[in-house]
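See below for the structure under consideration.
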Amino acid sequence: MRILSIETSCDETAISILEAKGEFPHATYDILGNALWSQIDIHREFGGVFPMLAKREHVATIIPMLEKALIEADLETTPSEVDEHLAAELQTILNREPELADKLLSFQAKHGVPQIDLIAVTSGPGLEPALWVGVNFARALALLWNTPIVPVNHMEGHVLSSVFDIERDDMLSDISFPTISLLISGGHTELILMKDWGHYEKIGQTRDDAVGEAYDKVARMLGLQYPGGPEIAKRAEQARKEKLPEFIKLPTPMLNSGDLDFSFSGLKTAVRYAVADKELSETDICAIARDFEDVVTTVLLKKSLAAIETYAAQTLIVGGGVSANQHLKRMFESSFLEKAPDVTVYFPQPKLSTDNSIMIALAGHARAENALAPRGADVIRADGNKSLA
């Protein structure tokens with residue numbers, strides 16, 4: 001099965017083509033084409049992602065990314081003509097992005113119909129204006145190519161990408177259940193119980209800010225550029241290298257709450273009070289970054305260990321953009337080795353930790369049996385708050 005996947009949930013426009021051989025979850029995957037355009041430089045001057053600006057950039061780059069992925073995949077194509085009725089249907093589907101319809105028709109005339117068996121598209125969660133670009137574009141492609149389409153959950157993609165080894169055997173790891181997934185990103189901080197593939201139960205979540213959001217906000221307080229996660233991490237590592245003294249004793253929110261929920265708003269506020277009206281040196285910034293990152297890691301680690309113990313889980317999967325933090329990864333691996341040595345811990349490879357379309361293809365294959373016929377895909381809706389469980 002050849003799967004074309006589309007990801008536009010935030011500020012990356014990504015399209016991949018994967019060939020799946022076998023049935024999920026025991027298939028092998030060959031990445032035939034992979035294209036990604038990041039908007040980070042565009043949003044950096046604003047200190048965060050502007051949804052309508054993100055939508056505009058998705059509209060501008062989605063066809064170039066499709067072309068790049070198809071050229072890289074080098075698939076055989078079949079010439080096809082688009083009659084007036086089909087062209088009108090495409091205009092209707094893409095009425096939110098009318099300029100895309102003409103571009104797509106021109107693209108089709110140039111490239112023809114590739115050998116694709118399934119189209120997978122992120123339908124949520126994320127920024128709804130951005131999500132709609134991908135959803136409507138996928139629906140138009142499905143109709144144009146007469147190909148089934150399946151909407152997938154962005155967070156399920158993060159779960160699967162964390163156990164996908166693209167450098168070793170191109171398969172999902174054979175994990176043991178029950179499994180706990182810690183999903184940490186700019187929009188999410190949640191603990192998910194998995195009793196089997198595709199079965200999710202939310203057992204803990206943030207009550208306010210997501211951890212990635214807290215990183216961005218603290219970085220802004222320290223005068224660091226967006227995205228804040230890498231900037232905080234870089235300076236925190238410098239503070240550890242130089243063994244800088246603690247700048248301030250920060251709270252560890254909900255560390256001993258007795259449940260599996262999180263809260264990062266108070267931690268963010270504590271940093272704000274700590275730096276208010278102060279002229280911060282680079283050394284101060286590094287120390288604060290380390291103090292903040294240490295607290296975040298402590299909270300995430302303790303809650304994850306508690307979830308493992310509560311549900312007698314055998315596996316921990318860490319996914320989402322914040323999983324790329326190397327200090328967090330080191331602390332989780334060393335702590336689990338000491339306190340829960342029988343638990344296998346999975347982190348995604350760096351190139352799969354942030355938003356990408358390879359993970360959407362994996363999730364599409366997992367949900368292939370739910371695929372819709374092209375003319376039945378009008379039920380697909382972008383849902384910015386779509387929940388995994």
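In table form, for the structure just shown:
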read-out: Residue match in segment 67-79 (condition: within 28 Å of V163 (Cβ to Cβ) and exposed (fewer than 15 other Cβ atoms within 10 Å of the Cβ)); value: no
read-out: Scope segment 214-260; condition part of a loop (DSSP other than H, G, I, E, B) and hydroxyl-bearing (S, T, Y); matching residues; value: Y226, T252, S257
read-out: Residue in segment 137-157 that is surrounded by fewer than 18 Cβ atoms within 10 Å (Cβ to Cβ) and among the acidic types (D, E) present; value: no
read-out: Complete set of residues in segment 70-128 that are among the small types (G, A, S) and more than 30 Å from H188 (Cα to Cα); value: A73, S80, A87, A88, A101, S106, A109, G112
read-out: Qualifying position, being under 14 Å from the mean Cα position of the chain (by Cα) and of a type in the set (A, V, I, L, M), among A289, A377, A361; value: A361
read-out: Any hit, segment 330-342, residues being among the aliphatic types (A, V, I, L, M) and not in a helix (DSSP H, G or I); value: yes
read-out: Residue match in segment 46-69 (condition: among the polar types (S, T, N, Q), at negative phi and in contact (Cβ under 8 Å) with a residue 60 or more places away in the chain); value: no
read-out: Complete set of residues in segment 187-197 that are assigned to a loop (DSSP other than H, G, I, E, B) and under 17 Å from the mean Cα position of the chain (by Cα); value: G187, H188
read-out: Strands (runs of 3 or more DSSP E) contained in segment 1-109 and holding at least 2 residues touching a Lys or Arg at 6+ places or on another chain (Cβ under 6 Å); value: 28-38
read-out: Candidates N153, N95, N136, filtered to the one that is within 29 Å of A312 (Cα to Cα) and in the same structural domain as N370 (by TED's automatic domain parsing); value: N153
read-out: Selected residue (criterion: nearest to K329 (Cα to Cα)) from residues of segment 234-253 that are surrounded by 21 or more Cβ atoms within 10 Å (Cβ to Cβ) and of a type in the set (A, V, I, L, M); value: A236
read-out: Set V379, V318: member being under 27 Å from L255 (Cα atoms) and aliphatic (A, V, I, L, M); value: V318
read-out: Long-range neighbours under 9 Å by Cβ, at least six apart or interchain, first residue farther than 21 Å from G229 by Cα within segment 253-279, second of a type in the set (F, W, Y) and surrounded by 20 or more Cβ atoms within 10 Å (Cβ to Cβ); value: M254/F262
read-out: Sole residue being on the phi < 0 side of the Ramachandran plot and either in the same structural domain as P125 (by TED's automatic domain parsing) or surrounded by 22 or more Cβ atoms within 10 Å (Cβ to Cβ) (or both), chosen from L300, L388, L280; value: L300
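The values are calculated or read from the model by the stated rules, or taken from the named source; none is laboratory data. Just so you know, these numbers come straight off a predicted model, no measurement behind them. Positions of Cβ are backbone-derived with ideal geometry, glycine not excepted, and every protein chain shown enters the neighbour counts.
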